[in-house]
Amino acid sequence: MKPAAAPPPTPTAGWELTRYRPIRALLARRSLNWAAMTAALGGLLLAILAGLLGTAAGSANFGIVFVWIVWWGLLMTLLLPLGGRLWCLVCPIPAAGEWLQRGALVDPPSAGPTPLLQIAPARSAAAAGGGMGRSWPRRWQGIWLQNAGFLAVALFSTVILSRPAVTGGLLLAFLLAALVLAAIFEHRSFCRYVCPVGGFIGLYALISPLELRVRDPLVCQGHRTKDCALGSAAGYGCPWLLTPWSLERNAACGLCGECFRTCPKENVAVRLRWPGRDLLVASAWRLDEAYKACIMLSSAAIYPLVLLGPWGRLKAWANLETLSGFAAYAAAFLLLSLGLLPGLHLALAAVVRRAAGLAGVSLGRLFVALAYPLIPLGLAAWVAFTLAFVFANAAYALPVLSDPFGWGWDLFGTAGVAWRPLLPGWAPRLQALVLLLGLVGSIVAADGVLRRLGDGRRSLAGLAAAALLLTAETIGFLWLYLGALA
Amino acid sequence: MSRLRLAVLVGVAMLGAAILALPWPGSPPVPGEREVVVRASQYAYAPGVIRVGRMEQVTLVLEAEDMTHGLYVDGYGAKTEAVPGRPGRLRFVADRVGKFPLRCSTVCGPLHPFMLGELIVEPNRPLWRAVALALLLAAGTVAFLAAEPARRAGEGEA
């Protein structure tokens, strides 16, 4: 007897943006996406060139200022909290590979996508363009590679942030890796399984108020050709290797809108919704995402300690000034991210299991589930760090616009603008506000998760235990930004 | 929304307003002057954390040990610069409490943006207010959620 098909995802409530013609018109124009991506690619290439050829003084180099202050600041304070994977819509890193795969820059040729570069026949139905089109190996699926990539970048972040040549080299490596992987694997395999930034953007997109989903899953059930995934003459299939008709979470959806353009049933919608819904999709709770939540939370504590703290020796260790110092710093970083913090949350899971009467749920399952409430607080902690960093250094953007390489140019007359911090004195208040919002969001998420596990039953004891740990963590972050560190 | 939840909301709002608006107990203003010598080298200040009392007249004497360094006090806008052998001075009255980063305002190398110290003007009421708010919001959120029983799975879920 065939197993019953999984029920279609329930349409989510929310305010549909695509009910408005101007928004539908915007989304329907692939050329706008292409234009934004191309502009971003120009910026990326300038950042790479400035990094490799320009001044070694980071604050006077376009590569450092516009990548780690301007782009990072916009990403963490606006794009990610409000739009989830909105950055992925215009990210230039996969651009060249995608154009090669499709054999076109913007719209598909009228007869269907024509491969510009085809080394071997495509192996999967989703690969309708050029390249070898291989499926990503199953054992490397998930975000474990992205977790490792993020940890590697994080460990060397002091070196990366302070040396333009290293930033330039890293960006070039990402660009080339994306191109090579696009030639071998189908669609956006690099973005989906390798990109270290995509790993945490996808995780935090789970609490974004923006979502792209089908309007009515029953319409999809009756639709055989599944153009949204496989493509058609009207457009490309989903480059994120998703099946839009069963999409339940934001984690892997890059908001490219390809399904919207390709669907002949006009059954794809973009909505604003209450943040955090995706955290409660229990069927999607996974260990790799749980670890990602722990890694991001611990990194959000280590970065301000090292980069914003008063200890010159710690900065020197992180800056690779001595091998033994860096080894000690790296060991502490990895121990906290992969051992101590997950261990603390495993202990919480054990306490909650008893307190909430969840003996029927395995400890491992509970550990994974209770990692998801870390996501609102984790994002809040990263926003708090970014505010400190960006407010203090945003003023470098104006001089660097006029003199991107630090060679004494003055293209727009702003090269002589003196440094001063932005809105001095406001950063601590905003940091506290953001952290407190994150705390509330995390406690609400913990309640939702515990109710999912308890068949809708609320356990006050379990919730109180989770709230206690989340509050302690929040107070720790408040101490980092408002208290004396020594 | 049930009456109980509304009561929780109102209670949290009132307590929160009290935490923010009411004066906190703390040490009285400290009249007098304080002079602190701050030694700067790539990429830290010594001492890294400076504690002063509210209303103290603070003089920071910046001594650069290896190259030109600046010192900018966030929140007060005071700044100075020093080259080796020629210290810089800045003076201000610590009339605002809390934590204020000390930053290097003269590019001094790759880690210049991360050359930071801390000025703590006591009592550090902003920290205590924030901690109190965290405790209040945590308790308030749990109380708010507990004030209405959860529906069973599948019942009325969106």
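Read the figures in this text as sums done on the coordinates, not as results from a lab. The model shown is predicted, which means the values in this text are computed figures rather than measured ones. FYI the Cβ positions are ideal-geometry reconstructions off the backbone, even for glycines, and counts take in every protein chain you see.
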**Asked** Efficiency by 1/(1 + (r/R0)^6): what FRET value for A:S362 and A:H223, r their Cβ-Cβ distance, R0 = 30 Å, to the nearest 0.05?
**Response** 0.20
**Prompt:** With r defined as the distance between the Cβ atoms of B:W24 and B:V49 and R0 fixed at 30 Å, what FRET efficiency is calculated, to the nearest 0.05?
**Reply:** 0.90
**Fill in**
In nm, the gap between the two label points placed 7 Å beyond Cα toward Cβ at A:W409 and A:A152 is 3.2
**Complete:** Result row for chain A, helices from DSSP H with C-alpha axial extent 20 Å or more and mean Kyte hydropathy at least -1.0, is A:30-53, A:164-184, A:287-303, A:341-355, A:374-393, A:427-453, A:460-482
**Fill in**
The whole-number value in µm²/s of the Stokes-Einstein translational diffusion coefficient for the protein assembly as shown, with Rh from the Kirkwood sum over alpha carbon pairs at 25 °C and 0.890 mPa s, is 92
**Request:** Consider a paramagnetic label point 7 Å from the Cα of A:L422 along Cα→Cβ; state which residues of the stretch A:362-393 have an amide N under 20 Å from it.
**Result:** A:379-393
**Request:** Could you work out the mean projected area of the convex hull around the alpha carbons of the stretch A:287-354, in square nanometres to one decimal?
**Result:** 5.2
**Asked** How compact and how long is the stretch A:351-475, expressed as Rg and Dmax of its alpha-carbon atoms in Å?
**Response** 22.2, 68
**Asked** So how long is each side of the stretch B:1-152 along the principal axes, counting just the alpha-carbon atoms, biggest first, in Å?
**Response** 72, 39, 19
**Prompt:** Roughly what would the spin-label model give for B:R39 and A:V351, points 7 Å off Cα along C-beta, in nm?
**Reply:** 4.4
**Request:** Calculate how many DSSP beta bridges within the protein assembly as shown are antiparallel, expressed in % of all such bridges and rounded to the nearest 5.
**Result:** 70
**Request:** For chain B, set up a Gaussian network in which alpha carbons nearer than 10 Å are linked by springs, and say which option among B:T68, B:T59, B:T141 fluctuates the most.
**Result:** B:T141
**Prompt:** What is the set of long-range amide H partners of B:E118 at a cut-off below 5 Å, with H atoms built 1.01 Å from backbone N?
**Reply:** B:V49, B:I50, B:L102
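Say R0 is 30 Å: what FRET efficiency, to the nearest 0.05, do A:L26 and A:S283 get from their beta-carbon distance?
For A:L26 and A:S283, the calculated efficiency is 0.40.
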**Asked** How many partner chain Cβ atoms sit within 10 Å of a residue's Cβ in peptide B:124-131, on average, as a whole number?
**Response** 6
**Request:** Would you please state the base-10 log of I(q)/I(0) at q = 0.09, 0.10, 0.13, 0.20 1/Å for the stretch A:214-322, with intensities from the Debye formula using one equal scatterer on every alpha carbon?
**Result:** -0.43, -0.50, -0.66, -1.05
**Request:** Work out how much length A:A35 to A:K265 would gain on full extension: take 0.36 nm times their residue separation and subtract the Cα-Cα distance, in nm to one decimal.
**Result:** 80.1 nm
**Asked** Which angle between 0 and 90 degrees, to the nearest 10, do you get for helix B:3-21 versus the longest principal axis of chain B when only C-alpha atoms count?
**Response** 20
